C-alpha cells in the first residue's frame, strides 16, 4: 500500500475513534465484577456505577461473574469489544497474582488499559476465640513446633488472603498450611467453628465477628494500623520486618479502547472516588479509596505482579 494511502487510512481510523468518543456513552455500560453479589468489590462497583449513571444519563449495569479466582471475569473483559462499554473492576487476584499460580489466557499489562486504582483494603490475621495464641510471636512459635498443625483459611488460591499467609510463612519461617475456600465468608465461618486455625480476612468481613468476640484479632497486614482496629498492631510492628500485604481493586478496559474514552473514564471515576460521603462509607469498612492516573495504576499493577511472583516462586507455586 502506498504511503499516502496508509496516512489516509490512519487519519480515517483516528477520526472515527474521536467521533465515537465524542458521543460516549450513548448506551448502557457493563461493569463486570469477579465475585458474587454482596461482597466488598460488588458494593464498590455498584456505588461507582450508580454515580456514573447519574452523571451520564446512561445506566451502568453491574454484571457478576464469579469463578476461577477472578479469571472468569477478567478473561471476559480481555476478549470484549474495546469500545468503552465493557469494563472490569478487577482485583489483586485477577490482575496480578493469578498469572503466577495458573495458566491464564490474558496478560494484565498487555491486554488491559488501566483506568484507575479504586481502593486498598488491609487484612486482619484473626483466630478462633478459644485459640491460645494472642500475639504474632505466639503464632510463630506454635507454627514452628511439631506439636500442633496450624492452618490458615483464604478466599482461594492466588487471592490476597492466600498470599498474605505465604508471605508470612516466608518471612517468619512458620509452616502454616493453606486451606483455600471459594470465598471469605465460609473461610471465616470455619475459623469461628474451629475447623481452621487462622484466617487472613478483610477487615470489613472480620469486624462484625470481632465485635461479638467470635474472632480474636492478632495483627493487621498493612503498613499502618487500621482506624477500625486502632489497638491492633501491624504484623511488621509486631516484629515481622518488611511485612506488608493488602488487597486492592481497580478499573480496567480492553487494551484497544480509544484513548479519549480512557481519559474520560479516568477523570469521572477519580472525581467519584474523591466524594467525601463515599469515602466516609468505605472508611467505615476499612477500605481506603484511592483514584490515580492511568500511568500510576499501570506501574502499580506491574509492581504487584513482580512482588507476588517472587512469593509464589518461593512457595513452589509457579505456573
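All of the numbers you see were taken from the coordinates with simple rules; none came from a lab. Since the model is a prediction, treat every value here as computed from it, not as a measurement. Here the Cβ positions follow ideal geometry from the backbone for every residue, glycine too, while neighbour counts run over all protein chains shown.
A few points about this structure:
- Gyration tensor (alpha-carbon) shape descriptor, segment 193-319, a/c threshold 1.5: oblate
- Per-residue [θ]222 nm for the chain (sum of -39500 (n - 2.57) over DSSP H runs n ≥ 4, rounded to 500): -13000 deg cm²/dmol
- Ranked 205, 74, criterion: other C-beta atoms within 10 Å, fewest first: 205, 74
- Three-way shape call for segment 30-82 based on the alpha-carbon gyration tensor, with the a/c threshold at 1.5: oblate
- Shown for 226, 185, 154, 161: other C-beta atoms within 10 Å of each C-beta, ranked fewest to most, produce the order 185, 226, 154, 161.
- Three-way shape label, segment 256-319, alpha-carbon gyration tensor, a/c 1.5: oblate
- Among 100, 47, 35, residue whose mean-square fluctuation peaks in a GNM of the chain (springs only between Cα atoms under 10 Å): 47
- Sorted fewest first by neighbouring Cβ atoms within 10 angstrom, 111, 306 come out as 306, 111.
- Highest-MSF residue in the chain out of 291, 84, 193 [GNM, Cα springs under 10 Å]: 193
- Of 207, 44, 278, the one that fluctuates the most in a GNM where the chain has Cα springs shorter than 10 Å: 278
- Whole-number percent relative contact order across segment 122-220, with pairs defined as alpha carbons under 8 Å at least 6 apart: 46 percent
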